[in-house]
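The values are calculated or read from the model by the stated rules, or taken from the named source; none is laboratory data. Since the model is a prediction, treat every value here as computed from it, not as a measurement. Every residue, glycine among them, receives a Cβ derived from its backbone with ideal geometry; neighbour counts consider all protein chains shown. When the accessible area is computed, the model is the full protein with side chains, heavy atoms only, and any ligands, DNA or RNA have been set aside. Shrake-Rupley method; radii C 1.70, N 1.55, O 1.52, S 1.80 Å.
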Amino acid sequence: MIEFIDLHKSFDSQRVLNGINLTIADKEIITIMGKSGGGKSVLIKHIIGLLKPDKGSVLIDGVDITKLPPRELDKIREKLGVLFQGGALFDSMNVFGNIAFPLMEKTKLNKSEIEERVMQALEDVGLKGMEKKYPAELSGGMRKRVALARALITEPNIVLFDEPTTGLDPIITSSMHRLISATHEKYGYTGVIISHEVPRIFEVTDRVAMLHNGVIVEVGTPEEIKNSTDAAVRQFITGGIGGPIEALNMTQ
Amino acid sequence: MEKLLRFLGSWAISTLKKMGHMTIFFANAIYFVFAPPFKFNLLLRQIRFFGNKSMLVILLTGSFTGMVLALQLYYILRKFGSEALLGPGIALSLIRELGPVLTALMVTGRAGSALTAEIGMMRISEQIDALTAMALNPMRYLIVPNIVAAVIVFPLLTAMFDTIGIYGGYMVGVKLLGISSGTYFSLMEDYVEMKDVIVGLYKSLSFGILVSLVCSYKGFYTGYGAEGVSKSTTEAVVMSSILILVWDYFLGSVLL
């Protein structure tokens, strides 16, 4: 279980998180949506321990990770798999090397066991036969699928997806969503997705949380969110320009 | 007046903050150099990175430095009727001073800048965050192999620079200016002591640590986007070059 309790974070004078309170249950998939630059990635970075809050706590399975020393924090990180926005694949390694890397560094599996696991992971994400390609030779969608395979290779309890479909076409986006559902069914992880793919992400997720002005303004099932009366949620779902979410000022 | 004081105060605070940040990074890096497990594959890769990238530049600059030294020293020594001292003059200048300094400057320009850019690109494409998220310490994987590789490679490249420089001087002094080959080498044997070689070795070792730390630091904490990486790369080269010359003076005065 992941819990955010009164989480605050500012960068210089800019307040990004302004008292986040959210509980994510075991094995559920929750999607956090909100406007670009609204602090969604900042929130996810607090789960990994890449950022420390100015105030508040992040509890993973009851342990406040914001107060842990580096070694203890690493033990928590071993439970995590992360799919970064751009994939964050290591340029110097091929697809096989990228997926095998966490296994080689964090487990005592032998070479053939690692090879077997990597090949299975590649098959799961539909990239069989691509193991010798380098990240630069792959399309955006392929890179994200490799990143997903790498995030899942250690069979983590929690998987964080930072905009898993940004920049992908609608067909690849749908197949990425199906992939998330299928892997969730297979591995049973707790999933936290940051996504703007409204309403298509509703097919994948159990609950949706809306982040606006640094706080969670609404949490609910996709149906509840679709029927929400909150002005920010309504504006975000319909993509309207008028509303509490500040639209881009074209005259500036 | 108040404005000036405010400006000076905020400048002093931000400079102190930066220095503190850098010191913590350096201390961490040095700690992980001695903390197992060691990543030998990455070390070999970085030895190749430093050595392979800089070898040709070192050969070229070494030979021309020796040749120019021969010309200039011959001109000066002839005024005192001491042309015979050309060999030891070139050898001592190269071994004690020019070899370590010019090698360090060349490696900074060639491999140090590439190192900053590579680590910087890893930072902005979240590869360093990915390592951290996998519970793997980026210091151990990205920084330590560079420091150890530089400590191994800098003295070797310096030795190569010195040797090529001495032979460059030989080509000009003996083949062009007519000094006898025997004089050139035998007086060198008489005047160059082990102490001189050790001074050069200390210098190249410390330059290796300095350059690898500065270039790694600048890449590790690069700014945003391509502009940030480009700025960090320039800063790494400028800062390393200045520190090499300052540290050279300091070591030179201590080890004289």
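Rounded to the nearest 20, the size of the Cβ-charge dipole of chain B about its Cα centre is 460 debye, with Lys and Arg at +1 and Asp and Glu at -1. Compared with its chain on its own, the range A:68-92 contains the following residues whose accessible area drops by 40 Å² or more in the full protein assembly (probe 1.4 Å; ligands, DNA and RNA excluded): A:Arg77, A:Phe84, A:Ala88, A:Phe90. Pairwise inverse Cα distances across the protein assembly as shown, averaged and inverted, put the Kirkwood hydrodynamic radius at 26.4 Å.
GNM remark for chain A: springs join alpha carbons under 10 Å apart, and the peak mean-square fluctuation among A:Thr107, A:Thr183, A:Thr66 falls on A:Thr107. Candidates A:Val95, A:Ser36, A:Val16 compared by Cα position along the dipole of the range A:3-127: farthest toward the positive end lies A:Val16, with charges placed on Cβ. Comparing each chain alone with all protein chains together (probe 1.4 Å, DNA, RNA and ligands left out), the residues of the range B:96-128 losing at least 50 Å² of accessible area are B:Glu126, B:Gln127.
For the chain pair B and A, buried accessible area totals roughly 1500 Å², probe 1.4 Å, rounded to the nearest 100. When you restrict to C-alpha pairs under 8 Å that are six or more residues apart and normalise by the size of chain A, the relative contact order lands at 25 percent. Using a probe radius of 1.4 angstrom, the carbon and sulfur fraction of the accessible surface of the protein assembly as shown is 61%.
The value of relative contact order for the range A:89-155, using C-alpha pairs under 8 Å at least six residues apart, is 50 percent. For the range B:42-255, the alpha carbon positions stretch 68, 30, 29 Å along the principal axes, listed from largest to smallest.
Pairs of Cα atoms nearer than 8 Å and 6+ residues apart set the relative contact order; for the range B:42-255 it is 37 percent. Charge dipole of the protein assembly as shown (Cα centre as origin; +1 on each Lys and Arg Cβ, -1 on each Asp and Glu Cβ, all else neutral): 840 debye, rounded to the nearest 20.
If R0 is 45 Å, the Cβ-Cβ spacing of A:Ser139 and B:Tyr221 corresponds to a FRET efficiency of close to 0.90.
In terms of packing, defined here as the mean over residues of other Cβ atoms within 10 angstrom, the peptides A:47-58, A:132-143 line up highest first as A:47-58, A:132-143. Here the simple spin-label model places points 7 Å from the Cα toward Cβ, and for A:Leu59 and A:Thr221 these points are separated by 2.6 nm. With the helix formula -39500 (n - 2.57) applied to DSSP H stretches of n ≥ 4, chain A reaches a computed 222 nm mean residue ellipticity of -10500 deg cm²/dmol. Computed with a 1.4 Å probe over protein heavy atoms only, the accessible surface of the range B:42-255 comes to 44 Å² per residue. Among the chymotrypsin sites (Phe, Trp or Tyr not before Pro) within the range B:149-250, those in coil by DSSP and having at most 15 neighbouring Cβ atoms inside 10 Å are B:Tyr224.
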